[in-house]
Structure formats: structure tokens, C-alpha cells
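Below you'll find the structure, written out as C-alpha cells, and then a few comments.
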Amino acid sequence: MIPLFRHHTKASSQPRRLTLKILRYNPAELNAAPSFQAFEIDEADGMTLFIALNEIRATQDPSLQFDFVCRAGICGSCAMLVDGRPALACRTLTRDLSAQITLAPLPFFELIGDLSVNTGKWMRGTSERLQTWIHAVEPVSADILETPMAPELAEAIYELDRCIECGCCIAACGTAQMRPDFVGAVGLNKIARFRLDPRDQRSDDDFYELIGDDSGVFGCMSLLGCHDVCPKQLSLQTQIAFLRRKMARLGLN
Amino acid sequence: MSHSIDYTANPPMGPSVIPDAPALPTNNPISLPRKSRWPARLDLLQSLSGLLLALFLIAHMAFVSTILISQAAFYNVARFFEGAWLLGRPYPMLVSLVASAILALLMLHAWLAMRKFPAGFRQYRAFIAHKNRLHHGDTSLWWLQLWTGFLLFFLASIHLYDMLSQPELIGPYASADRVWSGGMWPLYLLLLFSVELHGGIGLYRLLVKWGLFGDKTRARLHLARHAFSAFFITLGLLTLLAYIDLGRSHAAQAGERYIPKAAAQTATH
Ligand code: SF4
Ligand code: SF4
Ligand code: FES
């Protein structure tokens with residue numbers, strides 16, 4: 001081994017002692033009241049909050065509830081408030097945080113228990129409300145070759161499709177905190193995605209029916225919390241502004 | 001068979017499994033009357049009225065700060081707006097007209113913006129909790145905009161009513177007397193800070209909201225916003241100081257009108 005290329009940790013450097021203050025609450029329990037509980041663990045190299053929480057659950061409290069599936073920032077199930085900011089626990093390194101870490105469930109969504117919230121239910125409801133699927137006039141025939149799509153367009157659609165429905169944008173949105181019927185950045189981003197897709201034959205008038213009011217695109221106050229926390233770095237600011245221009249134009253007719 | 005988009009079909013992922021899912025607008029576009037276009041128009045009007053007010057603010061600041069050049073300069077600006085150069089004799093009514101128009105614009109803008117205010121105590125508390133949790137610049141800025149906007153509704157209305165009801169009392173001495181002997185300077189001081197902060201944040205948000213510069217420019221837009229507020233607050237403070245200074249030295253003769261030198265000379269001859 002070439003010592004030059006090995007990362008040396010000094011023998012003297014002790015691992016940090018982390019304190020995780022976690023908001024505990026189990027709505028299924030009678031007479032339960034929300035309260036913070038502190039857990040202490042030793043920090044490990046490259047530790048994520050996912051690893052830290054699993055260690056706590058394995059060694060200190062098996063009743064701690066939180067969600068994980070992919071632990072790689074793909075499934076969107078591990079979003080929570082890390083020191084007040086929405087983030088994916090599996091993509092958050094403890095070394096980027098102070099030794100005192102506060103964890104709380106995402107606001108806005110239905111609480112399952114402790115750090116686990118039911119984002120899926122809300123996402124599904126929003127998909128149904130915004131009809132986020134392809135609406136084609138011609139029935140799709142499996143016997144005909146698909147019309148080719150320009151690579152740039154496919155790329156652009158794919159870029160918007162990277163949303164993992166984690167709910168961070170909703171938890172970071174001041175408008176959504178005040179108005180629970182607001183579709184949020186995730187909903188608007190989906191509309192932008194289907195609007196791009198040539199296979200979806202809906203017109204702007206059709207999209208206006210879905211987002212042309214104050215629970216849709218005009219409700220957005222451009223606070224950009226969504227844009228700044230999206231763990232997939234989607235350009236939500238650009239998408240919302242684009243839709244706002246398209247939808248506002250219909251108001252001039 | 002006529003083809004049209006089937007809005008009544010269940011979502012491709014099957015019928016809803018969610019008991020309290022939001023009501024599906026699945027059967028709306030063709031059979032039901034289409035959605036009102038007013039939310040779009042009101043959104044446009046909110047931005048447009050804000051933009052006009054901001055432009056007026058800039059112009060207004062340029063005009064009143066001419067007192068920093070000389071009393072005669074401000075006197076000429078004030079007379080210019082009474083239209084004597086065009087209509088043969090001064091009509092202070094013109095100033096009243098402009099003030100009324102701005103007042104109407106202010107009311108419209110306030111009404112449109114108020115729709116976005118927290119409706120009720122629950123929403124108010126929810127937003128404060130959110131803002132304090134998130135520590136996010138643009139979110140906190142909105143709160144500042146809300147409060148300065150609230151203040152402006154009253155402060156700017158008072159000032160505009162003053163101009164509207166006494167349009168002839170604009171001039172180096174008359175204005176300075178209003179500021180000092182009339183005791184209006186605390187109001188102008190508060191008005192200055194509120195309006196320049198509100199205007200700066202508003203212009204910034206206008207650009208971001210309509211996506212005029214893409215999403216890579218936000219840091220620079222923030223810088224421009226700070227520069228805007230800082231420049232106009234400084235200019236405004238200097239201007240206000242000039243009027244206070246003039247008002248104090250003119251306090252003994254408060255009420256006397258300014259007469260330009262040339263006219264004063266012909267009068268004494
Ligand atoms: S837009 Fe971003 S923050 Fe919002 S749900 Fe999708 S991935 Fe998460
Ligand atoms: S930009 Fe709009 S959607 Fe995004 S956080 Fe702000 S109000 Fe919410
Ligand atoms: S566990 Fe899948 S995104 Fe974090």
C-alpha cells in the first residue's frame with residue numbers, strides 16, 4: 001500500500017460523541033404526548049443519519065420508528081426535519097452537522113409515529129387530483145412502432161422525472177403550511193413534466209383546469225423553500241415560473 | 001367514433017385507494033363550465049400594480065431629492081408638475097390627480113396582496129413556526145414584506161392624502177415646514193424605511209416569480225436588492241435631513257412660501 005494515498009486518522013483523534021434529539025410521538029398510543037428524547041452515539045467514519053438511527057434502534061431503543069428503503073436517495077422515504085430543515089436522512093452525513101442534532105418528522109403529512117410520516121398517501125392523492133399520467137386521444141396500440149422522440153426532449157422529461165416524491169419541498173413551503181390544499185412544488189413539477197411530453201395531448205386550457213387557481217400555481221408566493229431543499233436539485237423555481245407564465249397568459253384571453 | 005381525451009377514466013394505477021383523497025376533478029373540462037380566468041388576471045395585476053408602484057417610488061425619490069441640489073431645483077420640479085409650462089398657468093389639481101391615481105393603485109395592490117396573507121390565527125401561527133424552524137432567507141423576507149406592506153398601507157395613505165388634499169403646498173419652504181413645523185418627520189422616516197425595503201424585496205420577488213433571469217442568478221439578484229434598498233434609504237435619509245434642516249431654520253416664518261430669486265428681484269424693483 002502506498003501510505004501517501006491512505007487517509008490517516010490521527011491516533012489521538014477520538015470519534016465525536018453525537019447527541020440526537022428525536023421528537024417521539026406515537027399517535028396510536030392513548031394519552032401519549034410528543035416529547036424530545038436524546039440519544040448518544042459515537043460518530044463513525046462516513047456516518048449518515050440512516051446509519052446513526054439504525055444504530056440507535058439496534059442498541060438503544062427498538063421502538064423508534066423511521067422509514068428507509070433504498071438508503072441511497074432514490075426511494076424518497078427517509079425525509080425528515082434535520083435541525084429544522086427537510087432533508088433525506090440517508091443522504092445526510094453526520095460530519096456536516098454539529099454534535100447536537102435535532103430530528104423531527106416532516107410537518108404537513110400524516111404522522112405514522114416518531115419520524116415516520118405517510119407521504120405516499122398524500123402523493124397518491126395529489127397524482128389523482130392533478131391527473132399526472134399521459135392523456136392520449138388515440139388509443140395506444142402495441143403493434144405500431146412508437147414515434148421517436150428527440151434525445152434532448154427525452155432528457156428534459158427525464159430531468160423532471162427525477163423527483164422521488166420525498167415531500168421535502170412541501171415541508172419547506174410556507175404556502176403549504178398555511179393552506180393544506182396547495183399542490184406544492186412536487187405537484188407543479190409533475191404538471192410541467194406532462195406538459196413537456198408530446199404523448200400527453202392535453203392543452204394549456206386543460207392544465208389550467210388543474211392548477212389555474214390559488215391552490216395551484218397562483219398560490220405559490222415564490223418563497224423558494226422548495227427549490228433550496230429539494231434533495232434531487234430539481235430546478236423548481238424555473239418550472240414554477242414557467243408554468244406561471246403559461247397559465248397567466250390564458251388570463252389575457 | 002369521435003376521439004376525445006377521456007377525463008372520466010380511472011387513473012392508470014387503478015381506482016383510488018385513499019379514503020379521504022381530495023375530490024378528483026376527473027370529469028370537469030368538457031362537460032362543466034371551465035375554470036375562471038380571474039385567478040390568472042389577479043396574479044398578473046398583483047405583480048403589475050407592484051411594479052408600477054415601485055417605478056413611481058423610484059421617480060418620486062428622484063424628484064424630491066432635488067432639494068439636495070438646490071432649493072430652486074426643487075421649486076422648479078414642483079412647479080413643473082403643476083403644468084404651467086404646458087397649460088399657461090399652474091394647476092395644482094394635476095398633482096391631486098396623480099396622488100389619487102397612486103392611492104387607488106396602492107389600494108388595489110394591498111387588496112390583491114392581502115389575499116396571500118395568513119387567513120386567521122391558525123395560519124398565522126403555522127407560518128411563524130415554519131419560518132422559525134426553517135431559517136430560510138427568502139421565507140423570512142416574505143414576513144418582512146408582509147409587515148412593511150401592512151405599515152405602508154397606513155403610512156403611504158396618510159402621505160398621499162396630504163398631497164391630494166393640499167397639492168399647492170409642495171415647494172422648498174412648504175415641504176420643509178410640513179416636515180419640521182408640521183411634525184411629520186417621524187412618519188416620513190418610518191415610511192422611508194418601510195417603502196424602500198418593501199420595494200426592494202418586491203422587485204426581487206417579481207423577477208424570481210416570473211423567472212426572468214433563470215435560477216443561477218439569485219445571489220446576484222439578492223445583491224441588487226440590497227443595493228437598491230441601501231441606495232434609496234441613504235438618498236432618502238439625506239433628503240429628509242435636508243428638509244429637517246431647512247424646516248428648522250424656517251420655523252420662525254413657517255407658512256411663508258418660497259419665491260425664486262429672479263421673481264424676488266423683480267418684485268423688489
Ligand atoms: S420535487 Fe424534490 S423535494 Fe419535492 S418531492 Fe420531488 S424530489 Fe422531493
Ligand atoms: S416557491 Fe412556491 S411552491 Fe416553492 S416553497 Fe415557495 S411557495 Fe412553496
Ligand atoms: S432511504 Fe430511500 S431516499 Fe433515503
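Criterion first (at pLDDT 65 or above, closer than 30 Å to A:Cys173 by Cβ, out of contact with any Cys (no Cβ under 9 Å at 6 or more places or on another chain) and within 9 Å of chain A (Cβ to nearest Cβ)) does B:Asp43 satisfy it?
On the way: at pLDDT 65 or above: yes; closer than 30 Å to A:Cys173 by Cβ: yes; out of contact with any Cys (no Cβ under 9 Å at 6 or more places or on another chain): yes; within 9 Å of chain A (Cβ to nearest Cβ): yes.
Criteria met by B:Asp43.
Taking the condition of being facing chain B (nearest Cβ under 7 Å) and in a helix (DSSP H, G or I), how many residues in segment A:233-250 meet it?
Matching residues across segment A:233-250 total 9.
Which one is farthest from ligand 3 (Cβ to nearest atom), of the residues in segment A:216-232 that are in a loop (DSSP other than H, G, I, E, B) and within 11 Å of the chain's Cα centre (by Cα)?
Looking at the filtered set, the residue picked out is A:Cys230.
Quick check: anything in segment A:140-159 within 13 Å of ligand 1 (Cβ to nearest atom) and of a type outside the set (A, V, I, L, M, F, W, C)?
Within segment A:140-159, the subset within 13 Å of ligand 1 (Cβ to nearest atom) is A:159.
Next cut, of a type outside the set (A, V, I, L, M, F, W, C) only: A:159.
So far as segment A:140-159 goes, yes, one or more of its residues are within 13 Å of ligand 1 (Cβ to nearest atom) and of a type outside the set (A, V, I, L, M, F, W, C).
Scan segment A:141-167 and report the pairs whose first residue is within 14 Å of chain B (Cβ to nearest Cβ) and part of a loop (DSSP other than H, G, I, E, B) and whose second residue is open to solvent by less than 70 Å² (accessible area, probe 1.4 Å) and within 16 Å of ligand 1 (Cβ to nearest atom), with Cβ atoms within less than 8 Å and a gap of 6+ or a chain change.
A:Glu165/A:Gly76; A:Glu165/A:Thr119; A:Glu165/A:Gly120; A:Glu165/A:Met123; A:Glu165/A:Val186
Look through segment A:187-215, keep the residues that are in contact (Cβ under 8 Å) with a residue 60 or more places away in the chain and in a loop (DSSP other than H, G, I, E, B), and return whichever of them is most open to solvent (accessible area, probe 1.4 Å).
Across segment A:187-215, the extreme among qualifying residues is A:Arg199.
Check A:Cys230 against each of (1) among the hydrophobic types (A, V, I, L, M, F, W, C); (2) facing chain B (nearest Cβ under 9 Å); (3) touching a residue at least 60 places away in the same chain (Cβ under 8 Å) and name the one condition it does not meet.
The one condition A:Cys230 does not meet is (2).
Return a yes/no flag: does segment B:207-225 have any residue that is at positive phi, over 16 Å from the mean Cα position of the chain (by Cα), within 12 Å of chain A (Cβ to nearest Cβ) and not hydrophobic (A, V, I, L, M, F, W, C). Working first, answer last.
Start the filter on segment B:207-225 by keeping residues that are at positive phi, which leaves B:211, B:214.
Checking which are over 16 Å from the mean Cα position of the chain (by Cα) leaves us with B:211, B:214.
Okay, now just the ones that are also within 12 Å of chain A (Cβ to nearest Cβ), so B:211, B:214.
So of that shortlist, the ones also not hydrophobic (A, V, I, L, M, F, W, C) come out as B:211, B:214.
Yes, segment B:207-225 contains at least one residue that is at positive phi, over 16 Å from the mean Cα position of the chain (by Cα), within 12 Å of chain A (Cβ to nearest Cβ) and not hydrophobic (A, V, I, L, M, F, W, C).
Take the conditions crowded, with 24+ Cβ neighbours inside 10 Å and more than 16 Å from ligand 3 (Cβ to nearest atom) and apply them to A:Leu252. Does it pass?
It is false that A:Leu252 is crowded, with 24+ Cβ neighbours inside 10 Å and more than 16 Å from ligand 3 (Cβ to nearest atom).
Quick one: would you say B:Thr217 is of a type in the set (Val, Ile, Thr), more than 20 Å from B:Ser49 (Cα to Cα) and open to solvent by less than 30 Å² (accessible area, probe 1.4 Å)?
Values: of a type in the set (Val, Ile, Thr): yes; more than 20 Å from B:Ser49 (Cα to Cα): yes; open to solvent by less than 30 Å² (accessible area, probe 1.4 Å): yes.
Spelling it out, B:Thr217 is indeed of a type in the set (Val, Ile, Thr), more than 20 Å from B:Ser49 (Cα to Cα) and open to solvent by less than 30 Å² (accessible area, probe 1.4 Å).
For A:Gly184, are the conditions met, namely being within 13 Å of another protein chain (Cβ to nearest Cβ), within 10 Å of ligand 2 (Cβ to nearest atom) and either open to solvent by less than 50 Å² (accessible area, probe 1.4 Å) or free of Cβ contacts under 8 Å to residues at least 60 places away in the same chain (or both)?
Yes.
Quick one: count up the residues across segment A:61-84 that are within 14 Å of chain B (Cβ to nearest Cβ) and open to solvent by 30 Å² or more (accessible area, probe 1.4 Å).
Within segment A:61-84, residues that are within 14 Å of chain B (Cβ to nearest Cβ) and open to solvent by 30 Å² or more (accessible area, probe 1.4 Å) number 1.
Being of a type in the set (Ser, Thr, Tyr) and open to solvent by less than 40 Å² (accessible area, probe 1.4 Å) is the filter; apply it to segment A:85-141 and report the residue that is nearest to the chain's Cα centre (by Cα).
Going through the qualifying residues, I end up with A:Thr119.
Go over the candidates B:Ile67, B:Ile58, B:Ile102 one by one and state the one that is open to solvent by 40 Å² or more (accessible area, probe 1.4 Å) and of a type in the set (Val, Ile, Thr). Walk me through it before giving the result.
Working: B:Ile67 fails: open to solvent by 40 Å² or more (accessible area, probe 1.4 Å); B:Ile102 fails: open to solvent by 40 Å² or more (accessible area, probe 1.4 Å).
From the options B:Ile67, B:Ile58, B:Ile102, the qualifying one is B:Ile58.
Name the one entry in B:Phe56, B:Phe81 that is modelled with pLDDT under 95, touching a helix residue (DSSP H, G or I) at 6+ places or on another chain (Cβ under 7 Å) and closer than 19 Å to B:Leu105 by Cβ.
After applying the criteria, what remains is B:Phe81.
List every residue pair whose Cβ atoms lie under 9 Å apart, where the two residues are 6 or more positions apart in sequence or sit on different chains, the first residue falls within segment A:27-41 and is assigned by TED's automatic domain parsing to the domain that holds A:Ala52 and open to solvent by 70 Å² or more (accessible area, probe 1.4 Å), and the second residue, located anywhere, is small (Gly, Ala, Ser) and not in a loop (DSSP other than H, G, I, E, B).
Correct list of pairs: A:Ala28/A:Gly113; A:Glu29/A:Gly113; A:Phe36/A:Ala104.
Determine whether segment B:97-115 contains at least one residue that is farther than 30 Å from B:Ala78 by Cα and hydroxyl-bearing (Ser, Thr, Tyr). Give the steps one after another, and end with the answer.
Initial filter on segment B:97-115 (farther than 30 Å from B:Ala78 by Cα): B:111-115.
Next, only the ones that are hydroxyl-bearing (Ser, Thr, Tyr) stay: none.
No, the conditions are met nowhere in segment B:97-115.
So in segment A:187-214, with the set limited to residues that are polar (S, T, N, Q) and at the interface with chain B (Cβ under 10 Å from one of its Cβ atoms), which one is nearest to ligand 2 (Cβ to nearest atom)?
Per the stated criteria, the residue is A:Ser203.
Examine segment B:229-237 for a residue that is not in a helix (DSSP H, G or I) and not polar (S, T, N, Q), and state whether such a residue exists.
Narrowing segment B:229-237 to residues not in a helix (DSSP H, G or I): none.
No, every residue in segment B:229-237 fails to be not in a helix (DSSP H, G or I) and not polar (S, T, N, Q).
Name the residues in segment A:142-166 that are under 18 Å from the mean Cα position of the chain (by Cα) and either over 25 Å from A:Ala79 (Cα atoms) or not charged (D, E, K, R) (or both), would you?
A:Tyr158, A:Leu160, A:Cys163, A:Ile164, A:Cys166
For segment B:88-115, give me each residue that is in contact (Cβ under 8 Å) with a residue 60 or more places away in the chain and within 14 Å of chain A (Cβ to nearest Cβ).
Of everything in segment B:88-115, those that are in contact (Cβ under 8 Å) with a residue 60 or more places away in the chain and within 14 Å of chain A (Cβ to nearest Cβ) turn out to be B:Leu112, B:Ala113, B:Arg115.
Which residue, of B:Ala62, B:Ala72, B:Ala84, is free of Cβ contacts under 8 Å to residues at least 12 places away in the same chain, in contact with a Pro (Cβ under 7 Å, 6 or more places away or on another chain), over 30 Å from A:Ala248 (Cα atoms) and of a type in the set (A, V, I, L, M, F, W, C)?
None of the others qualify; the one that does is B:Ala84.
Any idea which residue in segment A:53-94 is farthest from A:Ile22 (Cα to Cα), counting only those that are small (Gly, Ala, Ser) and touching a strand residue (DSSP E or B) at 6+ places or on another chain (Cβ under 6 Å)?
If we take residues in segment A:53-94 being small (Gly, Ala, Ser) and touching a strand residue (DSSP E or B) at 6+ places or on another chain (Cβ under 6 Å), then A:Gly73 is farthest from A:Ile22 (Cα to Cα).
The values are calculated or read from the model by the stated rules, or taken from the named source; none is laboratory data. All values reported here derive from a predicted model rather than from experimental measurement. Note that we place each Cβ from the backbone using ideal geometry, even for glycine, and neighbour counts take in every protein chain shown. When the accessible area is computed, the model is the full protein with side chains, heavy atoms only, and any ligands, DNA or RNA have been set aside. Shrake-Rupley method; radii C 1.70, N 1.55, O 1.52, S 1.80 Å.
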